[in-house]
Amino acid sequence: MRPSIDLDMLRRLAAEPEFGRFFQLAAAEGARVVDADGAALIQCIDDKRLEYRFFQGLPLRYEQLAVGFSFPDHQGTAGRALHEGVPIFTPDYAGSPQAMPAFVATGLQGNLVVPVGPRDDRRGVLAIAWFTKTPPLAPRPEALDIVLLIADLIYGAMYRQSLEHDLEQQARHDPLTGLPNRRHLYANLQRILAQTQGSPDGVAVAIIDLDGFKPVNDTFGHEAGDQVLQQLAARLKSGLRDGDLVARLGGDEFALILRKVPDRGTLEGLLERLCGALGMHYLIQGGTPVSCPASIGAALYPGHGEGAETLMRSADAAMYRAKRRRQTDTGAWEVHAAFDAEATSLPAPVRLPGRVEVHYQPVFDIQRAGATRFEALARLRRQGKLISPLEFLPGLGPRQRRHLFSAVMEAALEAQREWNCLGGHCVGVSVNIDPESLAEADIAKAIADALGAMQAQPAQLTLEILERGEFLSPDVTRRNLLEISALGVRLAIDDLGSAYSSLLRLRSLPIDEIKMDQTFVREIATRLQDIAFVHSVQNLASSLQVDLVVEGAESADVLNMLHVLGVREVQGYAIARPCPSDEVPELLHQLRAWTLPPHGNPLAAAYARQQMTESHVLGLLQIAPAHLSPALLDDAALDDLETALADVPDARRLHRQQRIILHDLVRHHDLDNRLPILRYRALGARLRRCLIAAMGAA
Ligand code: C2E
Ligand code: MG
Ligand code: MG
């Protein structure tokens, strides 16, 4: 019977994501079509060697002998197939000049060895083998074709696997030093701390920051700087014990996780050795020695922090103390480990009254129908219940708020990365920050570090600053804001209008966005006087060249009003309620089909449109009357209102009178118009009252 490939098997192969299982299926199929026992995959490894890696259907004694066995890649039938680039069939293995005696002894009778991968990317060979079955005199050409196809499929799977591996490496490693990055470190630290709980072995975290790195970079160039970092990485790595980990946090900052550190004495000994290694010169540009002092701070678990975050923060604080001490010290080459008497004064770990969970709510552009970013909103999980920020925020102290900010920012950046990776989206996140945290000395650095660790674009992060009172005035805050803005991070004033006057700040701070508080718009469809507020804040935003987000779009009516008013970005339940991160991709999908809901209140919407026309015309009358032309009168908008007012004859009359005046004003814009404008305004006030009454009655 003519051998043919099993289609069902092909389908299973195509659906198999895990390489080991993929190989099992593919090898079994290859062996089946030539009636052999099974097959092995012998992979090319470094140094021009081949190594047995995967087996299927072969006798245990053979597998035990071969697994992990490596040999020069020109040896054996495998070596020959690899070099000649063609399948080699050996029906009598024992009699072949390439036979390896140990394999003959396992009962290997014959094999068919096929190269895997094209000439310029050979990955290894597929070795199909006969043990209990008798090899044919020669494999049939159709069968050989199928084996070649299977070797190609195996190559495809290996290629995919190595790509995935590279991507995974890139996501978790720093390309310059090859060390794990901050993200990888955190994940490992969390795991290690969980494993350590209850055991007598402590875990230490050390943070190392070079003090003299910038001058090296500035004087000798970036290549020299890179060499220093690579040598530093190598020194840190060489001092590691089993189970320890070193990572590059970003820039010239590195961290170590040291396991099995039962007490402070042990840690001090380890740090001393580390200081010795870091005190040596670095060799750059083929041998020029440069020195680059470092400051080290360390913290020990248990004792100086509960979780990964607090432990890192304690180590960071110790590192800053070491840095300050270095600056006042004359021994410039000494590396200080700020883990001595000062360690006892480490701040107690920050605790929140529950576990932080973050929910996300979209900021949505209703004119373009697309989500721009998601606001991260904190919740605390306590005894199974989810507690709202309105409830827990007032009880938090400054350190707890700062802790909350970092936790929410990190979660948001991570979540954003996931959504964008998953769905090819490009949405940003915004995170709320309290003014006290903005006054802290290291806040800009903490933000830059988080962005670096998550490999996030700064412009994808917006900080929403909630201003209550005079908090934003101190100079430190101003400096921090300038620094954060210089990173490329967007800054927004949150809840504009809800508290103290924020307007003055807008003049002097690098603000990119204002968020108008929900109290203004929640009732805009019935409180028609609110239209003027929204409209004037829009004008303010546009003249300051900042974006405006209107919060509290709770109903279809409000959405319609905002749409008519030309508001672009809104946030509110009428678009979506805050939801957990894993629901965001589905939400983004649904929002793709978003359309403006139908008018619930056509009268209010028609009025809003008329108001837009009116404000436009009256504005021009005041500043550039010469530019007024009848074409600027949006008669369609005025007609709309007139039609909508069919059932409110009083209001319709007032509107008519207003319309006549407006037309006159435009036609005779060169005449003195103060009196007609006053009349127009008086009519407007009456019209609004009349409408509000009519809507209340309806
Ligand atoms: P906010 O920053 O103004 O956030 C918007 C709040 O309005 C959220 O309440 C959101 O759920 C709610 N909201 C959104 N759309 C609507 C709507 O259509 N109708 C109504 N009635 N409400 C809507 P949430 O999540 O309870 O947050 C309340 C406030 O807590 C936030 O106001 C913010 O000031 C603060 N907050 C939240 N997370 C954090 C945080 O991580 N750090 C700090 N410092 N403050 C936070
Ligand atoms: Mg906010
Ligand atoms: Mg707000």
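Okay, here's what the table says:
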item	result
Test result for residue 29, out of contact with any strand residue (DSSP E or B) (no Cβ under 8 Å at 6 or more places or on another chain) and either open to solvent by less than 10 Å² (accessible area, probe 1.4 Å) or part of a strand (DSSP E or B) (or both)	yes
Qualifying positions in the stretch 193-218 - hydrophobic (A, V, I, L, M, F, W, C) and more than 25 Å from residue 320 (Cα to Cα)	194
Lone unmet requirement of (1) closer than 27 Å to residue 524 by Cα; (2) surrounded by fewer than 16 Cβ atoms within 10 Å (Cβ to Cβ) for residue 583	(1)
Positions within the stretch 510-569 being basic (Lys, Arg) and away from ligand 2 (no atom under 15 Å from the Cβ), in sequence order	522, 527, 568
Test: residue 252 is surrounded by fewer than 17 Cβ atoms within 10 Å (Cβ to Cβ) and within 35 Å of the chain's Cα centre (by Cα)	no
Residue check for residue 608: touching a residue at least 24 places away in the same chain (Cβ under 8 Å), more than 16 Å from ligand 1 (Cβ to nearest atom), touching a helix residue (DSSP H, G or I) at 6+ places or on another chain (Cβ under 6 Å) and under 27 Å from residue 493 (Cα atoms)	yes
Where residue 599 falls short, out of the listed (1) open to solvent by 40 Å² or more (accessible area, probe 1.4 Å); (2) within 16 Å of ligand 1 (Cβ to nearest atom); (3) in a loop (DSSP other than H, G, I, E, B)	(2)
Whichever residue in the stretch 628-655 is assigned to a helix (DSSP H, G or I), in contact with a helix residue (DSSP H, G or I) (Cβ under 7 Å, 6 or more places away or on another chain) and not aliphatic (A, V, I, L, M) and, among such residues, is least open to solvent (accessible area, probe 1.4 Å)	655
Output for the stretch 510-539, where each listed residue is modelled with pLDDT of 85 or more, of a type in the set (Ser, Thr, Tyr) and either assigned to a loop (DSSP other than H, G, I, E, B) or more than 15 Å from ligand 3 (Cβ to nearest atom) (or both)	536
Only listed residue being surrounded by fewer than 15 Cβ atoms within 10 Å (Cβ to Cβ) and either at pLDDT 95 or above or within 48 Å of the chain's Cα centre (by Cα) (or both), chosen from 160, 140, 172	160
Residues of the stretch 426-442 classified as within 13 Å of ligand 1 (Cβ to nearest atom) and either more than 15 Å from residue 358 (Cα to Cα) or among the charged types (D, E, K, R) (or both), total	5
Near pairs, Cβ below 9 angstrom, 6+ apart or cross-chain, from the stretch 156-178 (closer than 13 Å to residue 18 by Cα and of a type in the set (A, V, I, L, M)) to any residue that is modelled with pLDDT under 90 and not in a helix (DSSP H, G or I)	157/16
Single unsatisfied condition, residue 368 versus (1) part of a strand (DSSP E or B); (2) under 23 Å from residue 428 (Cβ atoms); (3) basic (Lys, Arg)	(1)
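Results for (1) in contact with a strand residue (DSSP E or B) (Cβ under 6 Å, 6 or more places away or on another chain); (2) assigned to a helix (DSSP H, G or I); (3) of a type in the set (D, E, K, R); (4) within 16 Å of ligand 1 (Cβ to nearest atom), shown as yes or no for each residue.
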site: 416; (1), (2), (3), (4): yes, yes, no, yes
site: 419; (1), (2), (3), (4): no, yes, no, no
site: 448; (1), (2), (3), (4): no, yes, no, no
site: 456; (1), (2), (3), (4): no, no, no, no
site: 478; (1), (2), (3), (4): no, yes, yes, no
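The values are calculated or read from the model by the stated rules, or taken from the named source; none is laboratory data. Remember, it's a predicted structure, so these values are computed and weren't measured experimentally. With ideal geometry, Cβ positions are generated from the backbone for all residues, glycine too; neighbour counts draw on all protein chains shown. Ligands, DNA and RNA are excluded from the accessible area calculation, which covers all protein heavy atoms including side chains. Shrake-Rupley method; radii C 1.70, N 1.55, O 1.52, S 1.80 Å.
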